[in-house]
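Asker: Okay, handing you the structure first.
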Amino acid sequence: MKSANLPSIDLPVDYNTLTRELLEKGYPGSIHAIENAFEAGQTHIFGWWNELTLSEKKNLLDQVATIDFCLIKKLFNDAVLKPTKTSQDNLIPPSIIAPPKNDAEKEKAQRTRLIGENSIQRGEVAILTVAGGDGTRLGINGPKGTFPISPITRKSIFQLHAEKILAVQKRYNTRIPWYIMTSQNNDSATQNFFKAHTFFGLDPHQISFFTQGMLPVVDLQGNVLMDSKSNIIMSPNGHGGVLMALKEKGILNNMKQCGIKNIFYHQVDNVLIKMADPVFVGYHLEDAAEISLKVVKKGNPEEKVGIVVYIDKNLHMIEYSELSRKDMHAKNEDGSLKYHAGNIAIHVINIRFLEKVYQQGEALPYHAAIKKVPYLGECGNVIDPKQNNAIKFEGFIFDILRHVKKSVIMEVLRKDEFSPIKNMEGENSPATSRQDMTNQFGRWLRNIGVSIPTDSHDNVIGSIEISPGFALDEEELKNKVDRKLQFNGNLLL
C-alpha cells in the first residue's frame, strides 16, 4: 500500500499503476523496492517505464531491488551537504622500519625474512589482489589487469602477478591461495581472461574470484543517474569494499578453513609488487601486528599521495588534499620532510583482527568522489558533460587503521616496489611502468657485473625483461647469468 508521504509526481506511470502492473506480471517482491525508491524521491528512474520492453523492465527492477535508497540519501547528506574534515591537530610521524643500510640492519632483515619464509612455507599467507577497475583510461575495453605491460613480450598485469606467485610457490615448495576481488562490471571478463590463458599455469582451484559491492552514482543534487532508460549507473564501492566483501561473500571463512592467518593485500596496477614479501611478512609476525603497511618517501612536499601519521595516538592515512600547506612542507631538523610516509596500498592484514572489527559492528565510512560521468538527460539522450557532474561513493581500506592497536610500517624504495599504472600518458603510465621494470632489471644485472648503459636520468638505454620464472629477484639472478653477458639494447630472459 502506498505510504502517506510518497510524493505526487508527473510520471508516465504513477505509483499505483506501477504496483498494479507488478502484481499482474508476477513481480510482487519488487513492490517494496519500488516504494523505497519513491519515498527517497528517486521517481525519475521510472520516467520511461511505458517505453521499456519486459526484459528492460526486469533489469531496472532487479537493480532497484539491490539499492538501499535510504543509505544513498544519508551518504549524500553526510558527505556533501555536511562534509567533515579529518582533524589535523597533533600530527605525529609514525615509527618506520627504514631500508637496511649497514651490515647489522641487513642481518636483522635477513633474520626477519626467515620468520616470513617459514609462515609462507606453512601455507599461512594468502594473496589478495584488488582488481575491480577497468582499463578505459588506458585505452582498453576490459579489466585493468588484462592490460599488456611487460617491456618486451607485453605480458598482461595479471600474468606478471601469476608468474610471481608461481615463482614464490616453487621457491618455498608451497601453495598460495590467490583471492581476486573484481566488480560486477568486470567479473565475467576477468574470469574469462584467466580461463582463456589456462590460469597462467596456476591451479584453478587455488584462485578465488569474488565481487565487491556496487553503489549508484548520483548527480550533484543527489539524484540517481542513468545511462539508458532502463539502467541505473552503478559504481564499485571503492577498495574499502574488500573489507565488507570478505565477510559478506564468506571469503574470510574460506581463508580460515585453508589455514590462512594473514592476508597479503595489494592493488592490481602496481607492476613492481614484491609478492608475499617474506621480509614484510616477517616484521608483521615478529611484532604480532594487526595491520602492517609499506610506505615510500614522498618525492616532493606536494606529491599527490596520502601520508601515514598518528593523530591522538591512532594511526591515520591523510589524503594529500586534506593536508595543510604548513604540514605538507614541514621539515625535520636535518631538512627532510617531517610527514613523508607515502601510502602505496600494500598491507599485511591479520585475519583475527578483521574478525574483531566485524564483531564490533561499526561500518567504515564512505567518501564522496566528484567525477565526470556521461548520463541520460531529461529528453532520453546521453549527455557527455564537460565538467564534473556526478558523485561516486567509495570506501577506503585505510579507514580501518583507526581500529589498529599494533602495526608495522615498513619503508621501501619506490624504484624497487612501486610503479602503478593510472594514466595513459605522463606520470604513472604504461611507458613509465615499462621503464621502471627495465630499470629494475638493469640494476640487478649491473650489480652482478653486467654492463648496462643508462642515460642522464639513470634510465636504461634499451629494453630488458626478466621473467619471474627465470629469476624472482637479484639474488636468484646471480646464479643464472654469466657476468660476461653482452647487452645489445634488447634482452629477454
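The values are calculated or read from the model by the stated rules, or taken from the named source; none is laboratory data. Nothing here was measured: the structure is a model prediction, and the numbers come from that model. FYI the Cβ positions are ideal-geometry reconstructions off the backbone, even for glycines, and counts take in every protein chain you see. Quick note on the areas: whole protein, heavy atoms, side chains included, nothing else; ligands and nucleic acids left out. Shrake-Rupley method; radii C 1.70, N 1.55, O 1.52, S 1.80 Å.
Asker: Give the accessible surface of the range 157-256 per residue, rounded to a whole number of Å², with probe radius 1.4 Å and ligands, DNA and RNA excluded.
Answerer: Working: 3840 Å² over 100 residues.
Roughly 38 Å² per residue, with all protein chains present.
Asker: Further question on the same structure: With contacts defined as alpha carbon pairs under 8 Å and 6 or more residues apart, what's the relative contact order of the chain in percent?
Answerer: Once normalised by length, the contact order is 18 percent.
Asker: Here's a follow-up. Please state the charge dipole magnitude for the chain, taken about the Cα centre, from unit charges on C-beta atoms (+1 on K and R, -1 on D and E), reported in debye and rounded to the nearest 20. Don't jump to the answer; show the numbers that get you there.
Answerer: Values: 58 positive and 57 negative charges, 219 e Å.
Taking the Cα centre of the chain as origin, the dipole is about 1060 debye.
Asker: Among the lysines, which fall within straight-line cross-link reach of Lys195, defined as a Cα-Cα distance under 27 Å, with same-chain neighbours fewer than 8 residues apart omitted?
Answerer: Within the straight-line limit of under 27 Å, Lys195 reaches these lysines: Lys144, Lys155, Lys164, Lys170, Lys247, Lys249, Lys256, Lys274, Lys422.
Asker: Under 20 Å Cα-Cα from Lys372, which aspartates and glutamates qualify once same-chain neighbours fewer than 8 residues away are excluded?
Answerer: Partners within reach: Asp134, Asp219, Asp227, Asp384, Glu394, Glu425.
Asker: Let me ask something else. Regarding the range 190-274, what are the three Cα extents along the principal axes, ordered largest first, in Å?
Answerer: Principal extents (Cα only, largest first): 47, 30, 27 Å.
Asker: Could you tell me, in Å, what Rg and Dmax come out for the Cα atoms of the chain?
Answerer: Calculated on Cα positions, Rg and Dmax stand at 25.1, 85 Å.
Asker: At most 16 other Cβ atoms within 10 Å and a DSSP loop assignment: could you name the chymotrypsin sites (Phe, Trp or Tyr not before Pro) in the range 435-491 that fit? Write down the numbers at each step before the final one.
Answerer: Values: sites: Phe441, Trp444, Phe470, Phe487; in loops: Phe470, Phe487.
In loop regions of the range 435-491 (DSSP not H, G, I, E or B), the sparsely surrounded chymotrypsin sites (Phe, Trp or Tyr not before Pro) are Phe470.
Asker: Once a ≥ b ≥ c are taken as the square roots of the eigenvalues of the Cα gyration tensor of the range 223-352, is the result rounded (a/c under 1.5), prolate (a/b larger than b/c) or oblate (a/b not larger than b/c)?
Answerer: Working: a/c = 2.25, a/b = 1.17, b/c = 1.91.
Oblate.
Asker: So, one more: Contact order normalised by length for the range 324-410, with contacts defined as Cα pairs under 8 Å and 6 or more residues apart; what percent is it?
Answerer: 21 percent
Asker: Could you check how much of the accessible area of the chain is carbon and sulfur, as a whole percent, using a 1.4 Å probe?
Answerer: Answer for the chain is 48 percent, counting heavy atoms of protein chains only.
Asker: For the range 373-418, how big is the tail of P(r) above 11 Å, as a whole percent of Cα pairs?
Answerer: Counting pairs separated by more than 11 Å, the tail of P(r) holds 80 percent.
Asker: Between the range 268-290 and the range 469-493, what is the separation of their alpha carbon centroids in Å?
Answerer: Each part reduced to its Cα centre gives a spacing of 25 Å.
Asker: How much mean residue ellipticity at 222 nm does the chain get from its helices, if each DSSP H run of length 4 or more adds -39500 (n - 2.57) and you divide by all residues, to the nearest 500 deg cm²/dmol?
Answerer: -9000 deg cm²/dmol
Asker: Also, quick follow-up: Per residue, how much accessible surface does the range 380-493 expose to a 1.4 Å probe? Answer in Å², no decimals.
Answerer: 52 Å²
Asker: Right, next: Taking 8 Å as the Cα distance limit and 6 or more residues as the minimum spacing, I'd like the relative contact order of the range 395-441 as a percentage.
Answerer: 24 percent
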